[in-house]
Amino acid sequence: MSLSILTCRALHGNRHSRALSIVRRLESLPLALVLIVILAPMISLPAQAAHTASYPIFSPTFEGARPVTGNLYAIEGNAETASSPMESGYSASSASFVASPVDLWDRIRNGFALPEFDSQEVRDSEDFYVSQPEYMQRVFQRSKRYLFHIVEEVERRGMPAEIALLPIIESAFNPLAYSPAHASGIWQLVPSTAKTLGLKQNWWYDGRRDIVAATSAALNHLQKLYRIFGDWELVLASYNWGEGAVERSLNKNRNGGLPADFRNISLPPETQNYVPRLIAIKNIISNPAIFGIELEPMPNEPYFEKVVATRHMDVKLAAKLANISMDEFNALNPAHNRPVINTDGPPMLLFPVDKAEIFALNLQNHDKPLVSWQAYEAKKGETAELIAERSGISVRRLKQVNDLEPDEAIIPGQLLLVPRNGTINGASISLMSNKPAKSRISVRMPSDSFAYEVRNGDALSHIAKQHGVTVGQIKLWNGMSTDRLSVGQKLMLKRNRVSETAPRASEAIAAVKKRM
């Protein structure tokens, strides 16, 4: 029997064209490796089937933080224990007979539940990721800090395991990823959506970059979309494009007597490729050897522990007390915007599981001030140069810490964060706790421009038609890489000029910030 026929029969879960695509990859591998690749999934199939069959489609369970009082910093476990089979995503029978995998990747594979999707877009996405092995290794390496927690939350809600891989598509698991459309964090939430989802955003802290809070908010949002559409492909399209736009496209097909599903409705190019990209990642993780990808085992155990902070503390000191690098601390706690952790929240800090007790012990024995910064109210006639000199820091550092533009002047009464080691007498940073986040969108607009606030049900195509401009123009003016809109989002629009040449949408897409 030929290798092609053997392989096609072994890969029984895929369509014929998908199998042939895999065969072409297998032909370049040694025969022994091919047999391992073919037989391994067949041997583990019964356990996988028993595991995935017990998944509920939807479980409306949400995470709630437990209040911790008493100690200065109280250590919590990584995840809540589900109180029922529905909450955990497993039936009693599967929990009794299926042992938890040692490798987190196996646990994720066992939870795959989205339907097969064989298309040219999927194959193109597979080819792209396979052609970028160094990029993929960086993504997988970053994911080690967060993936266990995300998988726990996804399973607790009874969602398909593919959802845990969505940050690969959104941000490449870069917690500091920031898009031209002002989306931030591993889940790439825009400010208005984050506000709707209850994420706190101020001068000190951006909940969109909080690993635990943003994960909970994003999964809650996806659950809400599932309640609306009842189909995970449409849920993912809505997460990328907006629920109002997807609903209008569905209604258009229904009114025209056409199939109303993800594969038949009209979608912008990025959204058309969104689900195929996720399926491509799923296929690669399902059988990395076929694609020539080296996927190192990942422990199926918590990477971090939660620590609830009750007093302000320097970021550098927190990292030092935990005996971890600043890079590690910032990767786990990217939501803090300033060199001080302001606990008027209170925020939750994350530490590697083997460092949380070290942090607590060193903190208990620390007998020096926890904060080396203070709040200072600028006086009349004081300049950035004068305040920086008296604070013992450079003007550049002063403006960087206080989120000021290089040419931005300091005005009397302005509250600034300055070091305590200078000659300035300031106050507690609690004085600045309610300072709002600075808008990243300039309020200075050309005279022929105006602001438009996105309303419920809006889509770029509708807004463009209403104001006599093109979708490409709106995306170019607002630095947008996607068609995704959120209620309350502010768009800069320009009054239409007949002589103005409309830019192509590809020009806006080409401006996407590269994350590789």
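Given the condition of a type in the set (Asp, Glu) and either in contact with a Lys or Arg (Cβ under 6 Å, 6 or more places away or on another chain) or at pLDDT below 95 (or both), answer yes or no: does some residue in the range 153-162 qualify?
yes
For (1) closer than 24 Å to Asn287 by Cβ; (2) over 11 Å from the mean Cα position of the chain (by Cα); (3) crowded, with 19+ Cβ neighbours inside 10 Å, each residue gets a yes or a no:
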| residue | (1), (2), (3) |
| --- | --- |
| Phe140 | yes, yes, yes |
| Glu155 | yes, yes, yes |
| Ile168 | yes, no, yes |
| Ala181 | no, yes, yes |
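Please go through the range 303-329 and pick out each residue that is in contact (Cβ under 8 Å) with a residue 60 or more places away in the chain and in contact with a helix residue (DSSP H, G or I) (Cβ under 9 Å, 6 or more places away or on another chain).
Selection gives Tyr303, Phe304, Glu305, Lys306, Val307, Ala309, His312.
Of everything in the range 222-279 that's within 18 Å of the chain's Cα centre (by Cα) and of a type in the set (D, E, K, R), which residue is nearest to Val122 (Cα to Cα)?
Per the stated criteria, the residue is Arg277.
For Leu219, are the conditions met, namely being under 23 Å from Phe173 (Cβ atoms) and not assigned by TED's automatic domain parsing to the domain that holds Leu485?
Here the answer is yes, as Leu219 does meet what is asked.
Search the range 436-458 for residues being over 26 Å from Gly207 (Cα atoms) and of a type in the set (A, V, I, L, M, F, W, C), and hand back the single one that is modelled with the highest pLDDT.
Filtering the range 436-458 for residues that are over 26 Å from Gly207 (Cα atoms) and of a type in the set (A, V, I, L, M, F, W, C), the one modelled with the highest pLDDT comes out as Phe450.
Give me the helices (runs of 4 or more DSSP H) completely within the range 307-412, filtered to those with at least 2 residues that are in contact with a strand residue (DSSP E or B) (Cβ under 6 Å, 6 or more places away or on another chain), ordered by residue number.
Because the criterion is at least 2 residues that are in contact with a strand residue (DSSP E or B) (Cβ under 6 Å, 6 or more places away or on another chain), the helices (runs of 4 or more DSSP H) in the range 307-412 that meet it are 356-364.
Identify the single condition in (1) modelled with pLDDT under 95; (2) surrounded by 23 or more Cβ atoms within 10 Å (Cβ to Cβ); (3) under 21 Å from Asn273 (Cα atoms) that Glu243 does not satisfy, given that it satisfies every other one.
Checking Glu243 against (1) modelled with pLDDT under 95; (2) surrounded by 23 or more Cβ atoms within 10 Å (Cβ to Cβ); (3) under 21 Å from Asn273 (Cα atoms), the one that fails is (2).
Go through the residues of the range 142-152 one by one and say whether even a single one is aromatic (Phe, Trp, Tyr), in contact with a Phe, Trp or Tyr (Cβ under 7 Å, 6 or more places away or on another chain) and in a helix (DSSP H, G or I).
Yes, some residue in the range 142-152 is aromatic (Phe, Trp, Tyr), in contact with a Phe, Trp or Tyr (Cβ under 7 Å, 6 or more places away or on another chain) and in a helix (DSSP H, G or I).
Show the residue pairs meeting these rules: Cβ distance below 6 Å; 6+ apart or different chains; first residue within the range 184-197 and on the phi < 0 side of the Ramachandran plot; second residue aromatic (Phe, Trp, Tyr) and modelled with pLDDT of 95 or more.
Within 6 Å, the pairs are Ile186/Phe173.
The values are calculated or read from the model by the stated rules, or taken from the named source; none is laboratory data. Since we're looking at a predicted model, the values are computed, not measured. Note that we place each Cβ from the backbone using ideal geometry, even for glycine, and neighbour counts take in every protein chain shown.
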